[in-house]
Amino acid sequence: TAGWLFGRFAGLWVAVIGLGILLAIHLFYASLLAGWLEKPRLDDIPNGSGIWTQVFARLYRARRTTEQNERRLQDNEERFRRTISALPEGIVLVDLSLQIEWCNPVAEEHLGVSLTGDHGMRVTNLVRDPAFVSYMTSGRYDVPLEFRPMARPNTALEVRVIEVERTRLMVISRDITQREQVDAMRRDFIANVSHELRTPLTVVNGFMEVLLDAQHEDEATRQHHLKLMQEQAQRMSRLVEDLLTLSRLESSESSLVEEAVDVQLLLREVADEARVLSAGRHRIELKPARAFLRGNREELRSAFANLVSNAIRYTPDGGTITLAWLADEQGGGRFEVRDTGIGVAPEHIARLTERFYRVDKSRSRETGGTGLGLAIVKHVLLRHDARLDIQSEVGQGSTFAAVFPASRVGAPPTASTQAA
Ligand code: ADP
């Protein structure tokens, strides 16, 4: 009967059903595992039971290690790119057939290549300057290349190439525009100084020969020649003096020894110098005001004296030169030299403070100019946080003003100094 049957196989049924349940459980977890493995993400790893707890726990740990390693690798690569991107040099990685693999933003700017647009392009197809192309294809990179890209003719670049692991090349570009400018300035400066010295030396040599040759020269002529030689020697001394002053002002070591400079006294002194220089050929007016300037007295005096001597030298006889100190509303002040002289055309004004820049070379020389006066003025003012303001009209006259900020201008330091 059924009861008998049931009774007889009861144990078996229980076992079968038990096994079935166990199987179902394992199948369930196995399918969870299969599902998770499709998209193994740490936060949705299933919770197991029994042996599956361990399986999932181990998988979890293994996955976590992998993810950490991946993240570390990514971080490292990211950091590497950021570092290379931040370099002031341009970097382009190319393979041995010069195809671009990667470049940083500076290289994009220097060479006009693009990381996204030009990947896989030959760099020599993009930068077509003959000098660059022949350098890149030469295979000899021991000496860097210097060139001005056609696309950016105002920039000078230095290019070096380094072989990386025999499979690619690293092209490093550096902007050397400034260095080139400094080099050019130095060359110009040396050429200018040599030229300035050669002219008086030629004159002196010439007269010496005359003096040595002409035994029959009368005393008056001899005196005249000696006088001319002396003038040239003085001209050379002035030039050397000005050069030394400039170099002292430019060397950063000479720090500024500052004091409270009495502007009124200083202007009076400079005006006295002006009267000597003018020797009665001009009217010299002085409009001082009480003020004190924080700065180096000697440097300020030399700057002001330079402006005044220019006014005299570039103003025909009978003209008027006015020296004034004017306070401004912000608490600053300006030292002004106004003349009724020949004036300066607008196109020259911005360049007047360049060394040896002169509107009219012969007029400057005849009046004893070195071409360095305004360069000295500019440097002194720079060291005093001040600037040079030039207003001028050809044939009408000029105003050269040293403009000082409020931080440099003040009331007399103490009562006793004021009395003195
Ligand atoms: P320089 O020794 O030739 O006077 P500076 O550096 O003092 O050299 O001046 C540069 C040039 O600026 C002068 O050669 C001259 O052409 C022009 N200049 C300077 N001051 C005046 C002025 N007051 N009036 C007209 N031109 C001036």
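The values are calculated or read from the model by the stated rules, or taken from the named source; none is laboratory data. Note that this is a predicted model, so its numbers are computed, not measured. Every residue, glycine among them, receives a Cβ derived from its backbone with ideal geometry; neighbour counts consider all protein chains shown.
Would segment 246-262 turn up any residue that is in a helix (DSSP H, G or I) and β-branched (Val, Ile, Thr)?
No, that holds for no residue.
Within the group Glu101, Glu67, which residue is part of a helix (DSSP H, G or I), touching a residue at least 12 places away in the same chain (Cβ under 8 Å) and of a type in the set (Asp, Glu)?
Glu67
Which one of Arg334, Arg313 is within 8 Å of the ligand (Cβ to nearest atom) and surrounded by fewer than 21 Cβ atoms within 10 Å (Cβ to Cβ)?
Arg313
Tell me, please, whether a residue that is without any contact (Cβ under 8 Å) to a residue 12 or more places away in the chain, within 11 Å of the ligand (Cβ to nearest atom) and surrounded by fewer than 14 Cβ atoms within 10 Å (Cβ to Cβ) can be found in segment 396-406.
no
Being at pLDDT below 90, aliphatic (A, V, I, L, M) and out of contact with any Pro (no Cβ under 8 Å at 6 or more places or on another chain) is true for just one of Val16, Val55. Which residue is that?
Exactly one residue qualifies, and that residue is Val55.
May I ask you to verify whether Leu352 is more than 8 Å from the ligand (Cβ to nearest atom), within 30 Å of the chain's Cα centre (by Cα), hydrophobic (A, V, I, L, M, F, W, C) and closer than 24 Å to Arg238 by Cα?
no
State which residue pairs qualify: first residue over 17 Å from Leu98 (Cβ atoms) and inside segment 139-163, second residue assigned to a loop (DSSP other than H, G, I, E, B) and of a type in the set (D, E, K, R) in any location, beta carbons under 7 Å apart, and separation of 6 or more residues or different chains.
Met150/Asp129; Thr155/Arg148; Ala156/Arg148
What are the pairs with Cβ atoms under 7 angstrom where one residue, in segment 360-378, is over 14 Å from Tyr314 (Cβ atoms) and the other, located anywhere, is more than 7 Å from the ligand (Cβ to nearest atom) and among the charged types (D, E, K, R)? Sequence gap at least six, or different chains.
Thr370/Arg238; Thr370/Asp242; Leu372/Asp242; Leu372/Arg355; Ala375/Glu354; Ala375/Arg355; Ile376/Asp242
Being surrounded by 19 or more Cβ atoms within 10 Å (Cβ to Cβ) and not small (Gly, Ala, Ser) is the filter here; which residues of segment 359-377 pass it?
Matches in segment 359-377: Thr370, Leu372, Leu374, Ile376, Val377.
Looking for whichever is acidic (Asp, Glu) and either crowded, with 17+ Cβ neighbours inside 10 Å or touching a residue at least 40 places away in the same chain (Cβ under 8 Å) (or both) here; the options are Glu219, Glu250. Which one fits?
On inspection, the qualifying residue turns out to be Glu250.
Out of (1) within 25 Å of Arg281 (Cα to Cα); (2) near the ligand (Cβ under 8 Å from one of its atoms), the odd one out for Ser362 is which?
Every condition holds for Ser362 apart from (2).
Residues of segment 338-347 being near the ligand (Cβ under 7 Å from one of its atoms) and either on the phi < 0 side of the Ramachandran plot or under 25 Å from the mean Cα position of the chain (by Cα) (or both), which ones?
Within segment 338-347, Asp339, Gly341, Ile342, Val344 qualify.
With the requirement that a residue be within 22 Å of Thr167 (Cα to Cα), part of a helix (DSSP H, G or I) and either of a type in the set (Gly, Ala, Ser) or touching a strand residue (DSSP E or B) at 6+ places or on another chain (Cβ under 6 Å) (or both), what does segment 70-98 give you?
Ile84, Ser85
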